[in-house]
Amino acid sequence: MFAVIKTGGKQYNVSANDRVTIGRIAGDVGSTVELGEVLALGGDKPVFGAPLVDGARVVAEIVEHNRGDKVIAFKKRRRQNSKRKRGHRQEHTVIKITEILAKGQDASAKPKAEKKAPAKKAQAEEPAKTEE
């Protein structure tokens, strides 16, 4: 099954387990986001929205935030000793699509693995106390 989603003024064709680079969205790395602007759902019975598919959403996990390559905007006006140079780096978010949900479906409750703290070293390393 695939879906066509809209975010940041652009459209993306996504499937489950896809990694997609989109425009920057709010959220921490590792958190889950729901993208509700689904334009079409594909599969055995495709569904097209007018403009959006009712009740459909895409669940994704934020993998990382990064920035794109620098784009240089250079303007020069000849014979007027005038020039201008500006740089820009677009901010991106990499997401991993976990689920595509149609109307009435609930997201599966997958418990997230908790990070275990490293085991503390044995107490043998503590200095011995001397009585005076």
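What follows draws every value from the coordinates through simple rules; no lab data is involved. As the structure is a computational prediction, the values presented were derived from the model and not from experiment. Because the Cβ atoms are built from the backbone with ideal geometry, glycine has one as well, and the counts that use them run over all protein chains shown.
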Original post:
With the radius of gyration and the Kirkwood radius both derived from the Cα set of region 2-105, what is their ratio Rg to Rh?
Top reply: 1.19
Subject >> Hypothetical label at Glu91: residues of region 17-44 whose amide nitrogen lies under 13 Å (7 Å Cα-Cβ projection) >> reply: 23-29
Original post:
Each residue of region 38-51 in order: what ³J(HN,Hα) in whole Hz does its phi give by Karplus 6.51 cos²θ - 1.76 cosθ + 1.60, θ = phi - 60°, with x for Gly and Pro?
Top reply: 9, 8, 7, 10, x, x, 5, 10, x, 10, 10, x, 9, x
Subject >> Distance violations [Cα-Cα > 27 Å] among Lys6/Lys96; Lys6/Lys76; Lys45/Lys96 >> reply: Lys6/Lys76
Subject >> DSSP-loop trypsin sites (Lys or Arg not before Pro) across region 1-68, with at most 14 other Cβ within 10 angstrom >> reply: Arg24
Subject >> Equivalent ellipsoid dimensions for region 55-114 as semi-axes, Å, which come from the Cα gyration tensor, largest first >> reply: 47, 15, 5
